[in-house]
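Okay, structure first, notes after.
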Amino acid sequence: MTQDNPFPNGLFITLEGPDCAGKTTHMKNIKQWLEEELHVEVLTCREPGGTRIGEELRRLLKTVSGEDQASEVAELLMFSAARRQLLDKVILPHLQKGGVVLCDRFLDSTTAYQGYGRHIDLEVIYAAHDIAVGKHLPDLTLLLDVTPKERLIRKTMREGGDVEKCNFEDESEGFHNDVRNGYLELAKNEPERFIVVESDRDASITWTRIQAKLKLPVQLMLMR
């Protein structure tokens with residue numbers, strides 16, 4: 001490790017969790033904190049999106065509903081296509097230069113939503129991941145955990161505001177409970193990658209928890 005290039009292989013961190021968990025707010029907090037801790041500029045991106053193709057797929061996935069809404073497998077493939085484009089065009093080039101990438105959602109969202117939520121066979125999900133991601137897994141994944149009941153309360157509180165609408169928001173409480181359980185199962189199976197933080201309605205409380213849990217893993221990454 002050299003001072004000019006502290007991350008010769010790059011550092012890839014993802015932020016996961018259901019809508020209304022506070023990802024947008026804490027994405028900004030984490031970026032600023034990482035830049036202060038690591039003394040490098042952090043590249044942020046989101047999924048799906050981050051490229052012209054990805055943003056168009058995002059629009060279709062989030063807004064086309066009813067009879068024209070993508071089928072479950074088509075939805076899976078659209079997310080995977082957007083992910084591969086983001087990986088090839090944005091994430092990998094930055095990591096290969098030794099940079100730090102912070103991404104709002106990545107493959108774990110697909111496993112949780114399409115696998116555990118939509119109940120697509122997990123073997124199909126992982127086959128899609130092999131094509132879209134391969135071995136390029138995040139170094140660290142921060143999961144903001146919130147119960148379906150609390151998610152619904154927050155969704156109601158923010159309705160009418162200037163927020164991006166999403167087809168997933170109107171799914172049943174059972175769907176969102178399955179998604180949450182899926183996330184927690186993933187975190188249980190990969191404790192070395194996942195950090196789970198309970199998302200409080202008070203963002204300052206959640207941010208204190210995030211800082212406390214991120215500090216040691218980030219320090220260890222600096223030493224790798």
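The values are calculated or read from the model by the stated rules, or taken from the named source; none is laboratory data. Owing to the predicted nature of the structure, the values given are computational and were not obtained by experimental measurement. Here the Cβ is made from the backbone with ideal geometry for all residues, glycine too, and neighbour counts use every protein chain on show.
Of note:
- Any pair with Cβ under 8 angstrom, 6 or more apart, that starts in segment 44-60 at a residue that is touching a residue at least 40 places away in the same chain (Cβ under 8 Å) and ends at one that is part of a loop (DSSP other than H, G, I, E, B) and among the hydroxyl-bearing types (Ser, Thr, Tyr): none
- Yes/no for LEU142 being surrounded by 13 or more Cβ atoms within 10 Å (Cβ to Cβ), at pLDDT 95 or above and over 17 Å from the mean Cα position of the chain (by Cα): no
- Residue match in segment 184-195 (condition: in contact (Cβ under 8 Å) with a residue 24 or more places away in the chain, within 16 Å of the chain's Cα centre (by Cα), surrounded by fewer than 18 Cβ atoms within 10 Å (Cβ to Cβ) and in a helix (DSSP H, G or I)): yes
- Verdict on GLU56 being part of a helix (DSSP H, G or I) and at pLDDT 90 or above: yes
- Taking the criterion of being of a type in the set (A, V, I, L, M, F, W, C) and either within 20 Å of ALA132 (Cα to Cα) or buried (at least 16 other Cβ atoms within 10 Å of the Cβ) (or both), the residues of segment 53-77 that qualify are ILE53, LEU57, LEU60, LEU61, ALA70, VAL73, ALA74, LEU76, LEU77.
- Checked against (1) among the small types (Gly, Ala, Ser); (2) surrounded by fewer than 18 Cβ atoms within 10 Å (Cβ to Cβ); (3) assigned to a helix (DSSP H, G or I), SER80 passes all but condition (2).
- Qualifying residue in segment 2-21 (condition: without any contact (Cβ under 8 Å) to a residue 12 or more places away in the chain and of a type in the set (Val, Ile, Thr)): yes
- Entirely in segment 92-137, the helices (runs of 4 or more DSSP H) that have 1 or more residues that are buried (at least 19 other Cβ atoms within 10 Å of the Cβ) and in contact with a Cys (Cβ under 8 Å, 6 or more places away or on another chain): none
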